[in-house]
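The values are calculated or read from the model by the stated rules, or taken from the named source; none is laboratory data. In this text the structure is predicted, and so the values were computed from the model without any measurement. Ideal geometry is used to build each Cβ from the backbone, glycine not excepted, and the neighbour counts take in all protein chains shown.
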Amino acid sequence: MTRPDAVVVGGGVAGLAAAAALVDRGARVTVVEARPMLGGRAGSYLDPATGEEVDNGQHILLGCYRESFAFLRRVGAASHVRVQPSLEVPYVDLGGIRTTLSCPLLPVPWHLVGAIIEWDALRWRDRLSVLGLGQVIRTAQRHLAGKTTRLAASPEETVENWLVRNGQSARLREMLWEPLALAALNQPPAEAAAPPFVRVLAEMFGPEPSASSIALPILSLREMYAEPARRYIEARGGEVLTNARVRVIVEHGRAVGIRVRDREEIRAASVISAVPWFALGDLFDEPPDRVGSLVAAASRMASYPIVTVNLWLDRRVLDTPFVGLPGRAMQWVFDRGQITGLSATLLSLVSSGAAAIVTEENDALVALAVKELGEAIPAARSAVVRAGSAAGGDRPPGVHPRG
Ligand SMILES: Cc1cc2nc3c(=O)[nH]c(=O)nc-3n(C[C@H](O)[C@H](O)[C@H](O)COP(=O)(O)OP(=O)(O)OC[C@H]3O[C@@H](n4cnc5c(N)ncnc54)[C@H](O)[C@@H]3O)c2cc1C
């Protein structure tokens, strides 16, 4: 390839989306990815126990992920996710009671109010407490739209404080807001900062009811978007290199290209970093002038682990593609067979904000997942676990901070 206009470092979703957008505008682009497979944290890998391809954790999208859907449409992969017509979430609580939160097809905010009023997991006092959030979510939406400088949450308060301050009852927090906050922020609500959570609520609950719908990939993440993106980029003259860990060449304070595997150089007019914060510093001997403070800030950021346990069972035990398990270490269980339409009996159990369990051994994590699954889903108690494996921590492979 002749000298590219841009080199994109990192073949995860961000790098592939950036490269796809650039080739669309006629730019010559080279993507360089350190690992053998594209996809990064939203990628697939071969499970060591079974040799099967599994995802690095179940990924869900929400209807409000406008840019993600635009990227999928661009690379011809929009049909690779199944989007709910409106938000519907089955739950089993700690007492084993099963209920479903189901948003009626009504305009905002009535779809959420309607769902909560109808949700029999709650007492009336809990249902009415949701009304306390209406005004504050509207403030957050106006702030997002640049129509007010008023903040709906202070940067100092935690998600938990914010929910209590806004009158959310303990049961509503336990069943709805805390699992949502954990899934969205990957940090316990007692520690996570409120503003990003309030932004999630502002995006999810307005103005389109479909913004809060859940979308599930129906193929592995590799097939869902990573390989379609590669094909899209290559078909437009771009180049995608894997197994290519790079460092950025900086001359006179400017990034002018990359060095692949400490040997070959690729010079380009622009170098785009699409690596996670924990890998940013490793790109440079000396960062370019305008990037130094960013690299320093990134190096101070902590990460939080997320754990996935995959269980291969001898039979199907769920009657919906996923179930929320609030209050448990494993907060969600996904039935990969129902999601992908394959006959597999693979369940993926997810524990977000998993600092307390991430250091456990594989067997202990599998045992925890089997125990919690059996407690919540009676049909699982008689199922035979043919294989189980866990992935979690804060580094690859299959082992990443949520970010
Ligand atoms: C288990 C799990 C579950 C998740 N679930 C969800 C979910 O349900 N919904 C959701 O929205 N998000 C979810 N996320 C978060 C989501 O996966 C990430 O936000 C997203 O994948 C980040 O993409 P990225 O391209 O920014 O970074 P990454 O995916 O980390 O990609 C960066 C790439 O850069 C490469 N790289 C790093 N250094 C170099 C170098 N020097 N040279 C070349 N390449 C390099 C890495 O190998 C990597 O492939 C989840 C994350 C995890 C780990």
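For the structure I just gave you, tell me whether LEU72 is touching a residue at least 24 places away in the same chain (Cβ under 8 Å) and either under 25 Å from VAL323 (Cα atoms) or assigned by TED's automatic domain parsing to the domain that holds ARG386 (or both).
no
Assess whether ALA18 counts as being part of a loop (DSSP other than H, G, I, E, B) and within 14 Å of the ligand (Cβ to nearest atom).
Against the criterion (part of a loop (DSSP other than H, G, I, E, B) and within 14 Å of the ligand (Cβ to nearest atom)), ALA18 does not qualify.
Restricted to region 23-41, and to residues that are surrounded by 22 or more Cβ atoms within 10 Å (Cβ to Cβ), under 17 Å from the mean Cα position of the chain (by Cα) and not in a strand (DSSP E or B), which residue is farthest from the ligand (Cβ to nearest atom)?
For region 23-41, the residue satisfying everything is LEU38.
Return the residues of region 295-347 that are farther than 30 Å from ALA274 by Cα and hydroxyl-bearing (Ser, Thr, Tyr); say none if nothing qualifies.
THR320, SER343, THR345
Yes or no, residue by residue, for (1) over 26 Å from LEU346 (Cβ atoms); (2) within 16 Å of the ligand (Cβ to nearest atom); (3) modelled with pLDDT under 95:
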| residue | (1), (2), (3) |
| --- | --- |
| SER68 | no, yes, no |
| HIS80 | no, yes, no |
| VAL89 | no, yes, no |
| GLY95 | yes, no, no |
| LEU101 | no, no, no |
| VAL108 | yes, no, yes |
| LEU112 | yes, no, yes |
| SER129 | yes, no, yes |
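Considering only residues that are charged (D, E, K, R) and within 18 Å of the chain's Cα centre (by Cα), look in region 157-215 and name the one that is nearest to the ligand (Cβ to nearest atom).
Residue satisfying both the conditions and the ranking: GLU203.
Test GLY57 against the criterion of being touching a residue at least 60 places away in the same chain (Cβ under 8 Å), of a type in the set (Gly, Ala, Ser) and within 11 Å of the ligand (Cβ to nearest atom), and give yes or no.
yes
Would you mention how many residues in region 191-220 are among the aromatic types (Phe, Trp, Tyr) and either within 21 Å of ALA354 (Cβ to Cβ) or modelled with pLDDT of 90 or more (or both)?
Result for region 191-220: 1.
Given the residues SER79, SER44, which is the only one that is at negative phi, surrounded by fewer than 16 Cβ atoms within 10 Å (Cβ to Cβ) and polar (S, T, N, Q)?
The conditions single out SER79.
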